[in-house]
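The values are calculated or read from the model by the stated rules, or taken from the named source; none is laboratory data. If you're wondering where the values come from, they're calculated on a predicted model, not measured in any experiment. Every residue, glycine as well, gets a Cβ built from its backbone with ideal geometry; the counts of neighbours run over all protein chains shown. For the accessible areas, the whole protein counts, side chains as well, though only heavy atoms, and no ligand, DNA or RNA atoms are used. Shrake-Rupley method; radii C 1.70, N 1.55, O 1.52, S 1.80 Å.
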Amino acid sequence: MAERVEAIVKPELLIWARKSIGLDLTLAAKRAGTTEERLLNWEEGKQRPTISQLRRMGDVYKRPIAAFYLPAPPKSFNLIKDFRQISEKQVHEYSPTLLYEIRRAYSRRESAIELYKDVEGIMPPIALPKKTSGNVEKLGQTIREFLGVSYERQRQWKTDRESFNGWRLAIESKNILVFQASRIRVDEMRGFSIGKTPFPVIVVNIQDTLVARTFTLLHEFAHLTMGKEGICDLTGHADLEVSGNAIAAATLVPKKSFLAEPEFQNKKASGWSDNGISKLASRYKVSREVILHRLHTMDSISSKFYKNKSAQYREERAEQMQKVKQKKTGFAPPDRMVVSSCGKLYSRLVLNSYRNEKITASDASDLLAVKIKYFPKIEMAIFG
């Protein structure tokens with residue numbers, strides 16, 4: 001009979017690891033393949049898990065086994081603020097998957113700092129555009145100029161994917177990390193940001209539509225310019241969300257070019273058709289709701305028209321997303337998933353460190369969560 005080797009770990013570290021990923025005792029025990037009573041005994045120090053059981057908990061809690069041997073529970077990240085409108089009766093808790101993505105974003109940012117130091121020696125400068133108090137239109141123009149995205153350049157993007165990637169690259173060019181999270185419901189998180197410098201972070205939900213992700217990019221960028229970070233759902237209920245939405249809309253659809261569009265010629269408030277709104281949405285690579293928002297802020301449609309059309313478009317979007325979700329099949333190649341998830345900035349930092357022999361191939365593989373054999377294709381996508 002094999003000898004039972006106990007893991008000499010502190011109970012408080014077991015509690016920290018479980019709670020940091022948002023699992024209660026019942027669910028944690030089920031996933032770890034043990035009983036709730038036994039897990040509770042481990043956390044209270046009445047019993048100890050075996051090394052094998054500890055490894056299983058590490059898999060469940062998304063922690064390396066070494067984390068259970070730390071001298072004390074670390075403060076790996078401070079939970080960022082949630083700007084969403086929550087009912088007084090509703091107690092909001094982050095799902096384990098969202099907690100993991102927040103923790104991973106913090107971890108990737110720390111890695112990016114170390115990788116950059118190893119190769120460059122000093123940190124890159126960061127100078128976000130300052131918020132222009134009360135002037136949304138001016139701030140939108142300031143952001144476009146800061147990112148170097150002119151109206152002409154925006155019009156060159158032929159598809160929603162080109163638009164998303166174009167805005168993403170423009171933001172990453174300012175040493176802002178942009179990641180895409182997966183396996184999170186859109187109704188829980190559309191995006192969040194980490195405002196720390198160097199290397200602030202924006203995370204968007206890959207489950208969302210491309211035009212929605214583009215809007216989230218600029219919404220979170222607006223939060224960074226305001227010195228705020230948090231989790232957003234873009235519903236526009238909270239004051240900061242309203243400001244973020246307005247700034248994002250003004251950035252994506254600048255007032256001067258918008259008013260010059262041919263659809264505005266001799267157009268009356270009652271004359272806006274779904275077709276006309278859709279044409280503008282397609283031109284700017286945004287949702288119809290964003291076009292509605294801009295029309296409303298420019299007094300081109302009535303509040304009643306705006307309210308009714310917004311409800312209609314939300315309902316149609318929900319139906320469309322449900323159909324897309326049902327049709328989704330297959331997976332993208334691992335090299336494409338790395339670039340999509342990690343972004344070109346983070347991927348480039350990892351590969352540069354590997355090329356300069358600052359980290360091993362195994363380290364780079366771990367940081368990008370991909371096998372070494374995919375490196376050539378990732379390098380081609382990053383460096384050309």
With +1 on the Cβ of every Lys and Arg and -1 on the Cβ of every Asp and Glu, the dipole magnitude of segment 142-298 about its Cα centre, in debye rounded to the nearest 20, is 480 debye
For segment 112-186, listing trypsin sites (Lys or Arg not before Pro) in a DSSP loop whose Cβ sees at most 14 other Cβ atoms within 10 Å gives LYS130, LYS158, ARG183, ARG185
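Loop sites only, by DSSP: take the GluC sites (Glu not before Pro) in the chain that have at most 11 other C-beta atoms within 10 Å and name the longest stretch containing none of them.
94-356
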Whole-percent carbon and sulfur contribution to the accessible surface of segment 118-246 (1.4 Å, no ligands, DNA or RNA) stands at 49 percent
Charge dipole of the chain built from unit charges on the beta carbon (Lys, Arg +1; Asp, Glu -1), centred at mean Cα; most positive-end Cα among ILE301, VAL242, GLY230 is ILE301
Toy charge model, Lys and Arg Cβ at +1, Asp and Glu Cβ at -1: segment 103-205 dipole around Cα centroid in debye, rounded to 20, equals 220 debye
Of all DSSP beta bridges with both partners in the chain, the antiparallel percent, nearest 5, is 50 percent
Of all chymotrypsin sites (Phe, Trp or Tyr not before Pro) in segment 285-384, the ones in DSSP coil with at most 16 other Cβ atoms within 10 Å are PHE331
Taking 0.36 nm per residue of separation between VAL242 and THR26 and subtracting their Cα-Cα distance, the length gained on full extension comes to 73.9 nm
Rounded to whole Å², per residue accessible area for the chain with a 1.4 Å probe reads 53 Å²
Per the 1/(1 + (r/R0)^6) rule, R0 = 25 Å and r from the Cβ atoms of LYS307 and LEU259, FRET efficiency to 0.05 is 0.65
Order by accessible surface, 1.4 Å probe, largest leading, for residues ILE301, ILE126 comes to ILE126, ILE301
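So for HIS223, HIS293, what's the accessible-area order with a 1.4 Å probe, most first?
Output order, biggest surface exposure first: HIS293, HIS223.
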Rounded to 0.05, the calculated FRET efficiency for the beta carbons of SER107 and TYR69 at R₀ = 22 Å is 0.75
Taking every other residue with Cβ under 13 Å from the Cβ of PHE179 and scoring Lys and Arg +1, Asp and Glu -1, one gets +4
Partner aspartates and glutamates whose C-alpha sits under 14 Å from that of LYS309, ignoring same-chain residues fewer than 8 away, are ASP274, GLU289
The rounded separation in angstrom of the Cα centers of segment 287-312 and segment 1-61 is 53 Å
Measuring from its Cα centre, the chain shows a charge dipole (+1 at each Lys and Arg Cβ, -1 at each Asp and Glu Cβ) which, in debye to the nearest 20, is 740 debye
Taking the chain and counting helices only, DSSP H stretches of n ≥ 4 at -39,500 (n - 2.57) each over all residues, the nearest-500 ellipticity at 222 nm comes to -17500 deg cm²/dmol
Among LYS196/LYS279; LYS228/LYS344; LYS344/LYS373; LYS228/LYS279; LYS285/LYS307; LYS62/LYS323, the pairs whose Cα-Cα distance exceeds 28 Å are LYS196/LYS279; LYS228/LYS279; LYS62/LYS323
For the chain the mean separation of alpha carbon contacts under 8 Å (6+ apart) over residue count, i.e. relative contact order in percent, is 15 percent
Rounded to the nearest Å, the spacing of the alpha-carbon centers of segment 335-383 and segment 91-131 is 17 Å
Rounded to the angstrom and largest first, Cα extents along the principal axes for segment 160-201 equal 29, 28, 12
Packing-ranked peptide list from 192-203, 242-253, highest mean Cβ count within 10 angstrom first, is 242-253, 192-203
